[in-house]
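Below you'll find the structure, written out as structure tokens, and then a few comments.
Each reported figure results from applying straightforward, stated rules to the coordinates on display, with no laboratory input. Since this is a predicted model, take the numbers as computed values, not measurements. Note that each Cβ is placed from the backbone with ideal geometry, even for glycine, and that neighbours are counted across all protein chains shown.
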Amino acid sequence: MSQRTSTHDAEIADQFTRQAELFARSPVLHSEAALGLLVDAGNPEAGDTSLDVACGPGSVVAAFARRVRHATGLDATEKMLDQARKLVASAGLTNTKFQQGDVYGLPFADASFDIVSCRFAVHHLEDPPRAIAEMVRVCRPGGRIVVCDGLASDDPAKAAALNQMEKLRDPSTVEFRTQHYLTQLFADAGLPTPNIRHYQVPSEMNSLIAMSFPAGDDRDGLRRMIMDSVDGDKLCMSAIRYEDTVRFAYPSVILSAQKPHR
């Protein structure tokens, strides 16, 4: 889509208000190893300032705060920001700030940050190019842009199946995109070809459903969709049956590039 809708904004607010506490407690989503990959991609230095866009419960902000002078997080959902503030307080981090705001109109001046990141949010965006352009705007020349998200398969049928499942599981999902699409976002924003790092986010059917709020509360339909994906690996997530559940993994990518000096 090229234009955001108020309906989608409402879906994001609804989903992430309800998900906030469960999302913040998920060890898989906030593993130190995965966070370390993202922070390293930003090549942080002790004197840097960082911004995490769509920061959720603040784990990326906290990870950067341990390695930069100051780390800021922005999110549209106040409940998520409440979780983020609790996280940094419990960690004793005092060099952080959180602000509610819009990814399509970041409330910061041009060239305000050395590192600008966005983790697992692009698939919720109706207009990713506009959001990436804002990230580039608030990044200083020579600073780093870091984007992380789950990947859709290059196989159109498997990509469509993944997005059908994810839109049922979380109605605020717009679309998981291919690596080619994400790489093109960098080119369209005037950035060089990004460095790329792949990893997997492991998941398990029962726990995923327990922390989800599917459309129409259709948990049975979501369960069937995941179970049915095992034969033929229909979602391209290496799904396998294990006892009374299904284990699988979200293919994920971190893309990073330096903003050119003009």
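In this label model, D82 and R219 are separated by 2.3 nm, measuring between points 7 Å along each Cα→Cβ vector. Estimated from helices alone, the mean residue ellipticity of the chain at 222 nm is -11500 deg cm²/dmol (sum of -39500 (n - 2.57) over DSSP H runs with n ≥ 4, per residue). Among the chymotrypsin sites (Phe, Trp or Tyr not before Pro) in region 32-115, none is located in a DSSP loop while being surrounded by at most 12 other Cβ atoms within 10 Å of its own Cβ. Among the listed values [x] 54, 43, 27; [y] 50, 39, 36; [z] 73, 36, 32, the one computed from these coordinates for Cα extents along the principal axes in Å is [y].
Which of rounded, prolate, oblate describes region 57-113, given a ≥ b ≥ c as roots of the alpha-carbon gyration tensor eigenvalues and a/c under 1.5 marking rounded, otherwise prolate only if a/b is larger than b/c? Oblate, because a/c is 1.5 or more while a/b does not exceed b/c.
Stretched out straight at 0.36 nm per residue, the stretch from S207 to T94 would grow longer than its current Cα-Cα span by 37.4 nm. Name the longest site-free stretch of the chain, where the excluded sites are GluC sites (Glu not before Pro) in a DSSP loop with no more than 14 other beta-carbon atoms within 10 Å. For GluC sites (Glu not before Pro) (loop position, at most 14 other Cβ atoms within 10 Å), the longest site-free span of the chain is 46-242.
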